[in-house]
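Data first, discussion second: the structure below is written as structure tokens.
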Amino acid sequence: MAGQWCEGDGLSPASQSPWSLPPEHVALVIGGIIGGLLLLLLLIGVSCWLWKRLCATSTYEELPGTTAASSVQGDKLCPPHARTQTSRPPGMPFVVPPSVQGRDWVPLHRREWAQAPRDLCPAPELLPHTTGSNPGDACVVGTINPELYKFPEDQSESHFPEGCLGRLWFSVEYQQEAERLLVGLIKAQGLRAPSETCSPLVKLHLLPDERRFLQSRAKRKTASPQFDEHFVFQVSSRSITQRVLRFSVYHVDKQKKHQLLGQVLFPLKNETLLGDCRHVIWRDLEAESLEPPSEFGDLQFCLSYNDRLNRLTVVVLRAKGLQLQEDASCLSVFVKVSLMNHNKFVKCRKTSAVLGSTNPVYSETFSFKVDPAELDTASLSLTVLQNAGGDKSCELGRVVVGPYMYTRGKELAHWDEMLGKPRELVKRWHALCHTTEP
């Protein structure tokens with residue numbers, strides 16, 4: 001029996017310990033166990049993430065059905081004056097972004113309204129500005145304020161300044177390749193006729209050419225005619241910026257005589273003609289000056305002072321009756337606007353040059369910074385100059401406006417009226433004076 005027990009010189013395979021396995025097998029077993037644990041953790045993480053996504057999706061789908069519950073519980077959330085009817089259809093869902101769900105919003109889960117930790121209706125001063133008189137309207141989530149989507153009201157057809165002679169609408173387009181100026185005469189409103197009825201027509205001039213003009217059809221018995229007519233002027237691209245469109249509005253009486261109601265002067269500037277597109281513009285009619293020009297000509301400009309911005313604005317409109325030097329057809333005329341303080345030069349601005357015209361039109365605006373304390377010592381000098389070749393120029397006339405220290409008569413009255421009407425443009429004609437001072 002003893003000999004039989006010792007047969008084989010060792011233990012049987014069934015009685016061998018697992019730790020007696022080769023090291024390679026042990027490493028494979030341990031690696032397999034660790035890999036299984038990592039895979040299990042990955043599956044658990046993916047399952048949690050999918051569960052959260054599923055919960056969020058189910059929450060969004062339940063929101064449309066909370067309409068009835070919200071109407072029942074609304075009395076507890078906002079006061080009666082803070083509720084408005086929503087224009088959103090009942091079947092249209094409203095989704096709250098997950099990024100703002102953690103804030104002080106009312107959570108909508110399981111078709112119930114939960115109690116908010118704080119008052120859901122903020123103080124009126126913290127609400128956004130609305131056009132309605134009820135500040136509680138801002139508490140309604142998902143409603144649309146129609147006031148935010150309204151276009152700004154066009155006041156050109158409803159607001160006419162006092163003493164307005166009428167208003168004219170027209171369009172301008174310049175075709176560079178064909179060198180054609182297309183002018184559209186649209187309509188006029190608020191015309192003042194000398195009789196009870198008004199039968200207007202419009203004549204179009206392309207200044208400085210006074211001889212040739214185009215004319216619209218006459219409209220009978222209306223102070224607000226609708227023209228809808230188009231006119232074409234052939235003008236080169238080199239001289240287009242030196243031309244001025246003049247619209248003269250006339251009333252045709254029973255004897256077929258033309259009585260001038262007013263006119264509009266529109267300089268053709270580069271910014272107006274850019275883009276080869278149609279620009280619709282409106283301007284108020286101006287009365288034609290019946291006074292003969294002074295000895296050296298006259299200059300028309302506007303003054304305005306903004307007491308809030310401390311800004312003095314000068315709008316150089318036009319000149320007439322200028323006494324140009326010889327060979328003026330090839331020379332240009334411009335206006336220099338100088339701001340003076342205690343007769344000392346402060347700042348200077350210049351208009352664009354108009355080629356060889358005795359009645360140039362500018363319509364250019366300049367602004368200067370002037371403190372209210374300097375208005376009693378400041379003055380404006382507007383000088384009309386003609387280029388004499390090269391950098392030389394000769395003075396055609398000058399006008400100075402300012403306080404009593406420097407001016408009298410119409411110039412002083414213009415300055416005082418500007419101060420008496422802040423933030424309004426005051427327009428006046430002034431006679432030019434010739435002086436030998438620099």
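The values are calculated or read from the model by the stated rules, or taken from the named source; none is laboratory data. Source: prediction; values computed, not measured. Glycine gets a Cβ as well: all are built from the backbone with ideal geometry, and neighbour counts include every protein chain shown. Protein only, heavy atoms only, side chains kept; ligands, DNA and RNA dropped before computing areas. Shrake-Rupley method; radii C 1.70, N 1.55, O 1.52, S 1.80 Å.
Take L303 and tell me if it is at pLDDT 90 or above and crowded, with 20+ Cβ neighbours inside 10 Å. Spelling it out, L303 is indeed at pLDDT 90 or above and crowded, with 20+ Cβ neighbours inside 10 Å.
Look at segment 180-191: where a residue is charged (D, E, K, R) and a partner is surrounded by fewer than 17 Cβ atoms within 10 Å (Cβ to Cβ) and part of a strand (DSSP E or B), sitting 6+ places away or on another chain with Cβ atoms under 9 Å, you get R180/V232; R180/Q234; K187/Q226; K187/D228. Counting the residues of segment 387-405 that are in contact (Cβ under 8 Å) with a residue 60 or more places away in the chain and over 37 Å from the mean Cα position of the chain (by Cα) gives 4. Selection of segment 360-369 for residues being part of a strand (DSSP E or B) and open to solvent by less than 80 Å² (accessible area, probe 1.4 Å) yields V361, Y362, S363, E364, F366, S367, F368.
Scanning segment 372-410 for residues that are buried (at least 20 other Cβ atoms within 10 Å of the Cβ) and either part of a helix (DSSP H, G or I) or among the acidic types (D, E) (or both) yields no hits at all. Candidates in segment 188-201 are the residues that are among the small types (G, A, S) and in a loop (DSSP other than H, G, I, E, B); of these, the one that is farthest from the chain's Cα centre (by Cα) is S195.
Of everything in segment 175-187 that is assigned to a strand (DSSP E or B) and open to solvent by 10 Å² or more (accessible area, probe 1.4 Å), the residue that is farthest from L260 (Cα to Cα) is Q175.
So for segment 400-421 (the condition being at pLDDT 90 or above and within 18 Å of L322 (Cα to Cα)), does at least one residue qualify? Within segment 400-421, one or more residues are at pLDDT 90 or above and within 18 Å of L322 (Cα to Cα).
When segment 411-438 is limited to residues that are in contact (Cβ under 8 Å) with a residue 24 or more places away in the chain and of a type in the set (A, V, I, L, M), the one that is surrounded by the most Cβ atoms within 10 Å (Cβ to Cβ) turns out to be L432. Of the candidates A223, A218, A287, the single residue that is open to solvent by 20 Å² or more (accessible area, probe 1.4 Å), touching a residue at least 60 places away in the same chain (Cβ under 8 Å), more than 24 Å from L355 (Cβ to Cβ) and not basic (K, R) is A287.
Highlighted here are the strands (runs of 3 or more DSSP E) found entirely within segment 202-257 that include at least 3 residues which are over 19 Å from D284 (Cβ atoms): 213-215, 226-234.
The residues in segment 357-382 that are within 16 Å of K320 (Cβ to Cβ) and either out of contact with any Pro (no Cβ under 6 Å at 6 or more places or on another chain) or among the charged types (D, E, K, R) (or both) can be counted, and the count is 5.
Residue-wise test of (1) polar (S, T, N, Q); (2) over 17 Å from L168 (Cα atoms); (3) at pLDDT 75 or above.
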site	(1), (2), (3)
H258	no, yes, yes
F266	no, no, yes
K269	no, yes, yes
D284	no, no, yes
E291	no, yes, no
S294	yes, yes, yes
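Yes or no, residue by residue, for (1) touching an Asp or Glu at 6+ places or on another chain (Cβ under 9 Å); (2) of a type in the set (V, I, T); (3) surrounded by fewer than 16 Cβ atoms within 10 Å (Cβ to Cβ):
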{"residue": "Q189", "(1), (2), (3)": "yes, no, no"}
{"residue": "L201", "(1), (2), (3)": "no, no, no"}
{"residue": "S239", "(1), (2), (3)": "no, no, yes"}
{"residue": "F247", "(1), (2), (3)": "no, no, no"}
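Test S357 against the criterion of being open to solvent by less than 20 Å² (accessible area, probe 1.4 Å), modelled with pLDDT under 85 and within 25 Å of V244 (Cβ to Cβ), and give yes or no. Here the answer is yes, as S357 does meet what is asked.
Scanning segment 132-174 for residues that are touching a strand residue (DSSP E or B) at 6+ places or on another chain (Cβ under 7 Å) and either open to solvent by less than 50 Å² (accessible area, probe 1.4 Å) or modelled with pLDDT of 90 or more (or both) gives S156, C164, L165, G166, R167, L168, W169, F170, S171, V172, E173, Y174. Taking the conditions exactly as written (in a strand (DSSP E or B), open to solvent by 40 Å² or more (accessible area, probe 1.4 Å) and over 16 Å from M405 (Cβ atoms)), does F334 satisfy them or not? No, not satisfied. Within segment 428-437, is even one residue at pLDDT below 90, farther than 22 Å from E288 by Cα, assigned to a loop (DSSP other than H, G, I, E, B) and among the polar types (S, T, N, Q)? Yes, segment 428-437 contains a residue that is at pLDDT below 90, farther than 22 Å from E288 by Cα, assigned to a loop (DSSP other than H, G, I, E, B) and among the polar types (S, T, N, Q).
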